[in-house]
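The values are calculated or read from the model by the stated rules, or taken from the named source; none is laboratory data. Because the structure is a prediction, the values reported are computed rather than measured. Ideal geometry is used to build each Cβ from the backbone, glycine not excepted, and the neighbour counts take in all protein chains shown. Note: accessible area is taken over every heavy atom of the protein model, side chains too, but ligands, DNA and RNA are not part of it. Shrake-Rupley method; radii C 1.70, N 1.55, O 1.52, S 1.80 Å.
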Amino acid sequence: MIAAMRIGTSLLLALFVHAGVAQQPALDEAAAREAVYRIVRHSGLVPNFVVRASSETRTAIAYVKDKQRVIAYNPQFMATVLDSARSDWSAISILAHEVAHHLLGHTIDPASLRPGDELACDRYSGFVLFGMGAALAEALSAQSAIGDPHGTRRHPPKHARLEAIRHGWDEARRLREGLPPESPRDPDGLQYVLSFVDDANTYYADSLGRVVWFDQSACAIPFGELRDGGKAGFTLQWMDEAFVIDGRMAIWRKSAHGMPLQVGRMERYAR
Ligand SMILES: [Zn+2]
């Protein structure tokens with residue numbers, strides 16, 4: 001298995017530890033810690049993370065416990081990623097994404113509905129992986145292999161996540177080459193601004209009904225859909241979440257008990 005992998009540097013070689021007779025590559029804690037150390041170093045920061053292999057974690061997660069910043073990952077999940085992405089950068093990009101959740105402050109208040117946060121972390125992973133020497137395809141390898149085309153409640157669909165990683169990678173390349181940031185691509189006339197409770201991100205809907213998120217360099221990444229139902233009001237769909245927008249532009253979601261819950265507001269976009 002290990003021979004089939006592309007090994008970027010000798011340090012990355014340390015990522016692969018054979019567990020007993022199992023042929024799947026695994027990621028042990030020491031190697032994961034080393035990888036996180038390198039990721040943080042490329043951000044110019046001092047690493048103060050606890051890195052933990054945990055079979056209770058489904059994939060990978062960043063959280064704060066006892067005032068410690070923890071990154072936990074499931075070793076089996078990571079083995080699957082390494083195996084299907086066939087690139088050692090895949091594990092690093094997943095860890096970089098989790099590091100970003102800490103650095104961007106998302107773990108202070110782990111609210112539920114912030115797809116823009118996921119895209120911001122994907123963007124960071126692309127940015128850092130460029131600095132670490134990954135090619136674009138390598139930065140995209142984990143998401144290409146395991147991304148969900150439809151997304152889930154917490155995670156935007158694959159196309160948006162790949163785009164966010166590409167933005168980050170390309171922004172780092174432009175910095176390195178002394179180029180200005182990618183010029184903003186205005187997505188066919190913005191119509192509405194959408195904001196959600198507990199979500200610092202701002203979303204927009206364009207004239208095609210696409211709901212987009214802007215990253216720091218103002219490149220739009222579409223990931224949802226706004227439909228104008230005339231008298232029935234608007235409906236908003238992203239991932240497996242559906243919302244209704246009433247005549248006063250309040251955004252509602254049905255709660256688990258069937259009661260509608262106001263989760264945000266929509267406004268006309270004004271330049
Ligand atoms: Zn995430």
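For beta carbons closer than 6 Å, sequence separation of 6+ or different chains, a first residue in the range 222-249 that is modelled with pLDDT under 90 and a second that is surrounded by fewer than 11 Cβ atoms within 10 Å (Cβ to Cβ) and part of a strand (DSSP E or B), there are no qualifying pairs. Apart from one condition, Arg33 fits all of (1) at pLDDT 90 or above; (2) more than 15 Å from Ile94 (Cβ to Cβ); the exception is (2). As a summary of the residue check, Arg253 satisfies the conditions (1) modelled with pLDDT under 85; (2) over 22 Å from Lys158 (Cα atoms); (3) under 25 Å from the mean Cα position of the chain (by Cα) except for the one numbered (1). Applying the criterion of at least 2 residues that are surrounded by fewer than 19 Cβ atoms within 10 Å (Cβ to Cβ) and more than 16 Å from the ligand (Cβ to nearest atom) to the helices (runs of 4 or more DSSP H) found wholly in the range 38-142 leaves 75-85. Asp109 - would you say it is touching a helix residue (DSSP H, G or I) at 6+ places or on another chain (Cβ under 9 Å) and modelled with pLDDT under 95? When the stated conditions are applied, Asp109 does not pass them.
Please verify whether His155 is within 16 Å of the ligand (Cβ to nearest atom) and open to solvent by less than 30 Å² (accessible area, probe 1.4 Å), treating the condition exactly as stated. Answer is no for this residue.
When you scan the range 168-178, do you find a residue that is open to solvent by 30 Å² or more (accessible area, probe 1.4 Å), within 16 Å of the ligand (Cβ to nearest atom) and in a helix (DSSP H, G or I), even just one?
Filtering the range 168-178 down to residues open to solvent by 30 Å² or more (accessible area, probe 1.4 Å) leaves 169, 171, 173-178.
Filter again for within 16 Å of the ligand (Cβ to nearest atom), leaving none.
There is no residue in the range 168-178 that is open to solvent by 30 Å² or more (accessible area, probe 1.4 Å), within 16 Å of the ligand (Cβ to nearest atom) and in a helix (DSSP H, G or I).
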